[in-house]
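Each remark here refers to the structure printed beneath this line.
Read the figures in this text as sums done on the coordinates, not as results from a lab. Note that the structure is a prediction, hence the values are computed from the model and not measured. Methodologically, a virtual Cβ is constructed for each residue, glycine included, from the backbone with ideal geometry; neighbour enumeration extends over all protein chains shown.
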Ligand SMILES: [Ca+2]
């Protein structure tokens, strides 16, 4: 069972609003409210007002679902097949989607999303500099910073370079918003770095000098955070294979899931399926097997690629449907064993520039990670 991490719990300034999917379930579970939501959404999407949604008209909804699933924007090879899969959930190969189908599929997707959030809740943190102040005044500050500093090997670098490199490694644990976010970089980090870096580059930088200057920069970061607090969505997912184990041990559920996953896989006239579709079919199984969509988690991609390699998924051979299902089951089993030996945990922190709390915003296309 996933619990909210210690990191998130101890945040003093955050308050840590938790997104555990319960509000999504509330929406889907309330017939009247959900019908209204669907009506509204459908009307918004049905641009030519013919009472049906074309694949083109569905695009914004698909983009919104992708963003809510944490996928990179469309246009990257790793995520595009997931987008087309979401789209085909709606269309099933047709050119128009009725409101009834739209409602059904949307409800399925939202319930899946809620289940994911229940397993791995997202905690919304408000980073306002308080935790960072606490960190720089704590006994752990010096040893931690020195340890990071001493591992950095830079040739001909300025004090500013060193400070940047150490700053990069501070996390929400220390009260630092994600450094890689362009908004954070522009509005918090760069202004704080501005007044440093005028030191003689020829001179070796001593630990004491470094610590002193670093602390000054971080103090300025805390000032900027106080003026412009950053809202961060923090989640920790761990994949240890237990969800796969649950699925594999329930024959009824497994058969149902396999059939479902095979529905959209192209078959030839003799009902043979090319093994190159294993990856797509596996993605169809991912939610039921508690796996992230392919392409989202690097370490997981590695495991999946390795396992697909073991069954020669790329040899282009076509196999009968039953054999294909058997292969998928084997693949799940191998992934499960690998994860049981080496569980993968991923924590992710993304800056929220819009309120995330209502399910209706989950489905509006808001792919921007910077305003
Ligand atoms: Ca239409």
Fill in the blank from the handout: Rounded to the nearest 10 degrees, the helix 207-227 long axis (Cα) sits at an angle to the longest Cα principal axis of the chain of 60
Fill in the blank from the handout: Residue span residue 298 to residue 94: 0.36 nm per residue of separation minus Cα-Cα distance leaves a gain in nm of 70.1 nm
Fill in the blank from the handout: The exposure ranking of 82, 280, fewest beta-carbon neighbours within 10 Å first, is 280, 82
Handout entry: Debye-sum result for the stretch 56-149 in log10 I(q)/I(0), which assumes one identical scatterer on each alpha carbon, at q = 0.26 Å⁻¹
Key = -1.33
Practice task
Could you line up 179, 294 from fewest to most neighbouring Cβ atoms inside 10 Å?
Solution key: 179, 294
Practice task
Compare the peptides 50-62, 251-263 by average per-residue count of other Cβ atoms within 10 angstrom and give them in order, highest first.
Solution key: 50-62, 251-263
Completion exercise
Comparing 22, 347, 334 in a Gaussian network model of the chain (Cα, 10 Å), the one with the largest mean-square fluctuation is 347
Fill in the blank from the handout: Per the rule of 0.36 nm per residue minus the C-alpha distance, extending residue 240 to residue 153 adds in nm 27.8 nm
Problem - Shape category assigned to the stretch 180-326 from the gyration tensor of Cα positions, a/c cut at 1.5 - result: prolate
Practice task
Can you pull a Stokes-Einstein diffusion coefficient for the chain at 10 °C (1.306 mPa s), Rh from Kirkwood over Cα pairs, as a whole number of µm²/s?
Solution key: 68
Handout entry: Ascending count of other beta-carbon atoms within 10 Å, so fewest first, for 188, 136
Key = 136, 188
Completion exercise
Relative to the chain, whose Cα atoms define the longest principal axis, helix 99-119 and its Cα axis are tilted in degrees, nearest 10, by 40
Practice task
For the stretch 205-250 and the stretch 28-97, write down the distance between their C-alpha centroids in whole Å.
Solution key: 33
Practice task
Compute the distribution of all C-alpha to C-alpha distances in the stretch 277-326, in bins of 10 Å from 0, and list the percent of pairs in each, rounded to whole numbers.
Solution key: 23, 57, 20, 0
Exercise for the section: Inverting the mean 1/r over all pairs of different Cα atoms, compute the Kirkwood radius of the stretch 129-228 and quote it in Å. Expected result: 13.7
Practice task
Label the stretch 293-350 by shape, choosing from rounded, prolate and oblate, from the square roots a ≥ b ≥ c of the eigenvalues of the Cα gyration tensor; if a/c is under 1.5 it is rounded, and otherwise prolate applies when a/b is larger than b/c, oblate when it is not.
Solution key: prolate
Fill in the blank from the handout: So the pair-distance distribution of the stretch 241-342, from every Cα-Cα distance in 5 Å bins, comes to percents of 2, 13, 26, 26, 19, 10, 2, 0, 0
Completion exercise
The helix 55-68 Cα axis meets the longest alpha-carbon principal axis of the chain at an angle in degrees, between 0 and 90 and rounded to 10, of 40
Fill in the blank from the handout: Listed residues 301, 237, 250; largest mean-square fluctuation, Gaussian network over the chain with Cα springs below 10 Å, found at 250
